[in-house]
1. Return the total of residues in segment 8-18 being over 18 Å from Q44 (Cα atoms), modelled with pLDDT of 75 or more and assigned to a helix (DSSP H, G or I).
2. Residues being assigned to a loop (DSSP other than H, G, I, E, B) and of a type in the set (K, R): count how many of those fall in segment 19-30.
3. Quick check on my filter: what residues within segment 14-39 are touching a Ser or Thr at 6+ places or on another chain (Cβ under 9 Å) and within 14 Å of E52 (Cα to Cα)?
4. Which members of segment 31-43 meet the condition of being assigned to a strand (DSSP E or B) and either surrounded by 10 or more Cβ atoms within 10 Å (Cβ to Cβ) or aromatic (F, W, Y) (or both)?
Amino acid sequence: DHTAKAAQACAAFSDVCRQLREIEGVRFGLLYPARFHITYGGQQRDFTSQEEATY
């Protein structure tokens with residue numbers, strides 16, 4: 001099921017979300033289907049995997 005796969009992919013970003021909450025001025029969210037979007041310092045980035053988004 002496509003919805004279940006998207007939910008699993010979104011759950012993979014939970015560690016990244018936890019780290020970003022500690023950084024002032026960072027905005028982030030999950031976009032369908034399972035794209036992680038970050039805005040910081042006027043720059044925007046999208047990630048499709050946890051590995052790609054982890055610093």
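1. Step one: filter segment 8-18 for residues over 18 Å from Q44 (Cα atoms), giving 8-12, 14-15, 18.
When the remaining residues are screened for being modelled with pLDDT of 75 or more, the result is 8, 11-12, 14-15, 18.
Next cut, assigned to a helix (DSSP H, G or I) only: 8, 11, 14-15, 18.
Qualifying residue count, segment 8-18: 5.
2. Within segment 19-30, the subset assigned to a loop (DSSP other than H, G, I, E, B) is 21-26.
This time we only want the ones that are of a type in the set (K, R), so: 21.
Counting residues in segment 19-30 that are assigned to a loop (DSSP other than H, G, I, E, B) and of a type in the set (K, R) gives 1.
3. Once the filter is applied, which keeps residues that are touching a Ser or Thr at 6+ places or on another chain (Cβ under 9 Å) and within 14 Å of E52 (Cα to Cα), segment 14-39 yields D15, V16, A34, R35, F36.
4. Step one: filter segment 31-43 for residues assigned to a strand (DSSP E or B), giving 31, 35-40, 43.
Once the filter is applied, which keeps residues that are assigned to a strand (DSSP E or B) and either surrounded by 10 or more Cβ atoms within 10 Å (Cβ to Cβ) or aromatic (F, W, Y) (or both), segment 31-43 yields L31, R35, F36, H37, I38, T39, Y40.
The values are calculated or read from the model by the stated rules, or taken from the named source; none is laboratory data. Remember, predicted model here, so these are calculated numbers, not experimental data. We place every Cβ from the backbone using ideal geometry, glycine too, and count neighbours over all the protein chains shown.
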